[in-house]
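What follows draws every value from the coordinates through simple rules; no lab data is involved. If you're wondering where the values come from, they're calculated on a predicted model, not measured in any experiment. Here the Cβ positions follow ideal geometry from the backbone for every residue, glycine too, while neighbour counts run over all protein chains shown.
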2 protein chains.
Amino acid sequence: MKTRRSDRLVDMTRYLLERPRTLVSLTQFAELYESAKSSISEDLTILKRTFHERGIGLLETIPGAAGGARFTPYMVESEAADFVASLVNAIDDETRVLPGGYVYLSDLLGQPWFLQRIGRLIATQYLREPIDAVMTAATKGVPVAQAVAEQLNVPFVIVRNDTKVTEGPTMSVNYVTGQSQRLEKMELSRRSLPMGSRVLIVDDFMKAGGTIRGMASLVKEFEGQVVGVAVVAEGRVEHRVIDKYTSLVHVDTNKDDGIIKVKAGNYAEEIYGEGSPAEISSAD
Amino acid sequence: MKTRRSDRLVDMTRYLLERPRTLVSLTQFAELYESAKSSISEDLTILKRTFHERGIGLLETIPGAAGGARFTPYMVESEAADFVASLVNAIDDETRVLPGGYVYLSDLLGQPWFLQRIGRLIATQYLREPIDAVMTAATKGVPVAQAVAEQLNVPFVIVRNDTKVTEGPTMSVNYVTGQSQRLEKMELSRRSLPMGSRVLIVDDFMKAGGTIRGMASLVKEFEGQVVGVAVVAEGRVEHRVIDKYTSLVHVDTNKDDGIIKVKAGNYAEEIYGEGSPAEISSAD
């Protein structure tokens, strides 16, 4: 059906939001809306301006008959600051302290509203970097991985400790847990991750980082490359076994008296700091 | 900033898509765009028409100064038929047959593209029904629960078999597995689900349905109500312990010779059948 501009603007917005990081050609749009490519180009100019002004994301437009548009969602720093403040506020609650210094986050990590924003914020750091897959450890990391993967529009893969679950042939590694120095085993289904993938590792909570180091060695077994590490919350520890990561919040719990201290993590420096690959310029 | 209609149409689309099933008042929109409510009302008329014509979802508009708009995503039957056909096609592969008659689905359930559509299709059945939470069993059901919860804009909760994971105080039930008739235990964190919730139970794969029956009894312990049961795939079994459910695909595996037969599940009847609560009328 031939469409009016107003209808095209609404549907093109929906169409692009559903397909992050995907190049949609002018031809596709022209056929979808039975409209001239010149009209589509004008529509894209409007979308690009609004996406920029409203902090929705980067809309790259490639001009010309062979051109198209690619939408990459991001979160601007002011929205990130508000969002992280709301996370800090939600987590700063003594009843969240669990045995072992862990923190109860399952309610927040079960809310689409928080997850969508966690995903969009973490994805912002990789605005200009190709990523093939997101990796996490079962089970609590799964919602985070899914939320980030959705924004990056790539698959996510789940590393497991238990071997009860049937997943077909697996690749496994041994790893040393960060604090208690126990030897554990983790594994990933062979067919879930292509060899040589560029992988972003995410998790809900990081203490010393043993699980994440284990995942990094698993990526190596798949001949892949770790593009980055991001966690929703990092705990306070004496010694961390990984040195480069992004955290949204920093949590300091005292398991003896149940006191919890929560503050923003290192995200502002890592995602919006000078020289960050994300740098959202005024042209974006 | 005061905005042009074209900019408003783009940003209102984004704003509503991000907030399924939420009433956004005319006042909110008027302030967000520094525009008159009468202009916002006209914008909503355009959005409603496009959302309907393109099968994006239901946009209910409440007229008048105290009015607003509520967006509820759905999938029309023709899109559902195409999508389920693509699922059937992807699953119909002998290398997916795992020991025990299970089917490898982790690759599909790790792809945002499939998950978004699975969520939207399952949510369509509850277009006009209030739901408070989505429940699933760890770990493979989690991505399905998250995808459905995102479309319904409600929290999802994860029932666990292992007690290693610290979640704070839990409520637990014993249940009998459907086929092997073993007695198992499953539990859910007390604070994750408010008493008396209306719960939609989802899972990736259902055989006899023992796990789902277990979850239903857990809902009862929380004094809640099971609004429905939906699974991505149902296996062929002699006897099923639950009788009312929606499945997207039906899988028949023979573990001895590795043969797999895949066809559409009962979704068309359950979601689009006569008298279904979803009935998407031409006025929607």
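Sorted shortest first, the distances from the A:A81 label point to those of the same residue in the other copies are 5.4 nm; each point sits 7 Å from Cα along Cα-to-Cβ. Diffusion coefficient of region B:64-201 by Stokes-Einstein, Kirkwood radius over Cα pairs, 4 °C, 1.567 mPa s: 75 µm²/s. Computed over the protein assembly as shown, the Cα gyration tensor eigenvalues convert (square root of 5λ each) into semi-axes of 36, 30, 24 Å, ordered from largest to smallest. Summarising the amide proton neighbourhood of A:A137: residues at separation of 5 or more, or on other chains, whose placed amide H is nearer than 5 Å comprise A:V159.
The C-alpha atoms of chain A occupy a region whose extents along the principal axes are 66, 43, 33 Å, arranged from largest to smallest. Taking the number of Cβ atoms within 10 Å of each Cβ as an exposure proxy, the fewest-first ranking of A:M195, B:M206 is A:M195, B:M206. Note on region A:5-73: semi-axes of the ellipsoid equivalent to its C-alpha gyration tensor, largest first and rounded to whole Å, are 17, 13, 11. In this structure, the residue pairs whose Cα-Cα separation is over 21 Å, taken from A:K140/B:K244; A:K185/A:K220; A:K185/B:K185; B:K140/B:K185, are A:K140/B:K244; A:K185/B:K185. 3J(HN,Hα) along region A:54-71, derived from phi through the Karplus expression 6.51 cos²θ - 1.76 cosθ + 1.60 where θ = phi - 60°, amounts to 9, x, 7, x, 8, 10, 8, 10, 9, x, x, 4, 8, x, x, 9, 10, 9 Hz, with x in place of Gly and Pro. Where both bridge residues fall in region A:77-272, DSSP classifies roughly 45% of the beta bridges as antiparallel. Annotation: amide H-H contacts under 5 Å for A:Y175 (H modelled 1.01 Å from N, sequence separation of 5 or more, or interchain): A:E184, A:K185, A:M186. Each copy carries a label point for A:A66 at 7 Å from Cα toward Cβ; from one copy, the others' points are 6.0 nm away, ordered from shortest. So how far, in whole Å, is the C-alpha centre of region A:144-193 from the one of region B:140-157? Comparing the Cα centres of region A:144-193 and region B:140-157, I get a distance of 21 Å. Within 10 Å of the Cβ of each residue in B:136-142, the mean number of Cβ atoms contributed by other protein chains is 4. As a length-normalised measure over Cα pairs under 8 Å and 6 or more apart, the relative contact order of chain A settles at 15 percent. Per residue of peptide B:152-158, the mean number of Cβ atoms on other chains within 10 Å of the residue Cβ is 5.
Kirkwood radius and radius of gyration were both taken over the C-alpha atoms of region A:78-131, and their ratio Rg/Rh is 1.06. Largest mean-square fluctuation among B:G119, B:G214, B:G68, in a Gaussian network model of chain B whose springs join Cα atoms under 10 Å apart, belongs to B:G68. Peptide A:10-16 shows a mean partner chain C-beta count of 6 within 10 Å per residue C-beta.
Taken one residue at a time, the phi angles of region B:77-84 give Karplus couplings (6.51, -1.76, 1.60, θ = phi - 60°) of 4, 5, 5, 4, 4, 4, 5, 5 Hz. Gly and Pro are set to x. Between the Cα long axis of helix A:210-221 and the first principal axis of chain A there is an angle of about 60°, rounded to the nearest 10.
Sorting B:181-190, A:24-33 by their mean Cβ neighbour count within 10 Å, with the most densely packed peptide first, gives A:24-33, B:181-190. Could you work out [θ]222 nm for chain B from helices alone, using -39500 (n - 2.57) per DSSP H run of at least four and dividing by all its residues? Round to the nearest 500 deg cm²/dmol. Helix-only estimate at 222 nm: -10500 deg cm²/dmol. Going by the alpha-carbon gyration tensor, a ≥ b ≥ c the square roots of its eigenvalues, is region A:1-121 rounded (a/c under 1.5) or, if a/c is not under 1.5, prolate (a/b greater than b/c) versus oblate? Prolate shape, in that a/c is at least 1.5 and a/b is the bigger ratio.
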